[in-house]
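Input: a single structure, listed below in structure tokens.
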Amino acid sequence: MKRAAVMIFVVSLSTTAQAVDNGSLALACKGTMTAGYEGASRDPISMGLIVNFSSGTVEGLSAPGQFGYVPVKITGANEVTVSFDGSVRTNLGSDSSISGSIDRVTGDVEAYQRLTDSKTGKAISSTTYALTCRPTQRMF
């Protein structure tokens, strides 16, 4: 029994190590997203994130009004936390910003997304993400 437990532990370590070998870490995440208004419901969500340490970006968070995903810059990283922040002008003429952090010990991700009118600076919408992620391998 001990031998099986050790083998499972070694396999899980090698899987995580493979994900990091190329400088990036693939994460499978589940949790909730909540719109930024009083009484908003917490809607379930599943998503994948790629933490690319080589390019210094986090990918997988989409900006409202933007097709596809917007990589955001890693602004800080240590043994416990990876912080990220970035913004982009969307194809709707608004500014979308995403900021948050990944707890490298628990796998918890908190992210906050804001959409503002690029002319007035007024907030149009916001979304808060509360996710729990685990390392995984890309499918292809």
**Prompt:** Taking the stated definitions as given, is Ser101 part of a strand (DSSP E or B) and surrounded by 13 or more Cβ atoms within 10 Å (Cβ to Cβ)?
**Reply:** yes
**Item:** Per-region count, the range 124-139, residues modelled with pLDDT of 95 or more and exposed (fewer than 14 other Cβ atoms within 10 Å of the Cβ)
**Value:** 1
**Message:** For Ser83, only one of the following conditions fails: (1) surrounded by 15 or more Cβ atoms within 10 Å (Cβ to Cβ); (2) part of a loop (DSSP other than H, G, I, E, B); (3) of a type outside the set (D, E, K, R); (4) at pLDDT 75 or above. What is its number?
**Reply:** (2)
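On the basis of being out of contact with any Gly (no Cβ under 9 Å at 6 or more places or on another chain) and of a type in the set (A, V, I, L, M, F, W, C), does Val88 make the cut? Break it down into steps so the answer makes sense when it comes.
Details: out of contact with any Gly (no Cβ under 9 Å at 6 or more places or on another chain): yes; of a type in the set (A, V, I, L, M, F, W, C): yes.
So Val88 passes the test.
Can we say Asp95 is within 17 Å of Thr127 (Cα to Cα) and under 11 Å from the mean Cα position of the chain (by Cα)? Even if it seems obvious, please write down each step before you answer.
Working: within 17 Å of Thr127 (Cα to Cα): yes; under 11 Å from the mean Cα position of the chain (by Cα): no.
When the stated conditions are applied, Asp95 does not pass them.
The values are calculated or read from the model by the stated rules, or taken from the named source; none is laboratory data. Because the structure is a prediction, the values reported are computed rather than measured. Reconstructed Cβ throughout: ideal geometry from the backbone, glycine too, with neighbour counts over all protein chains shown.
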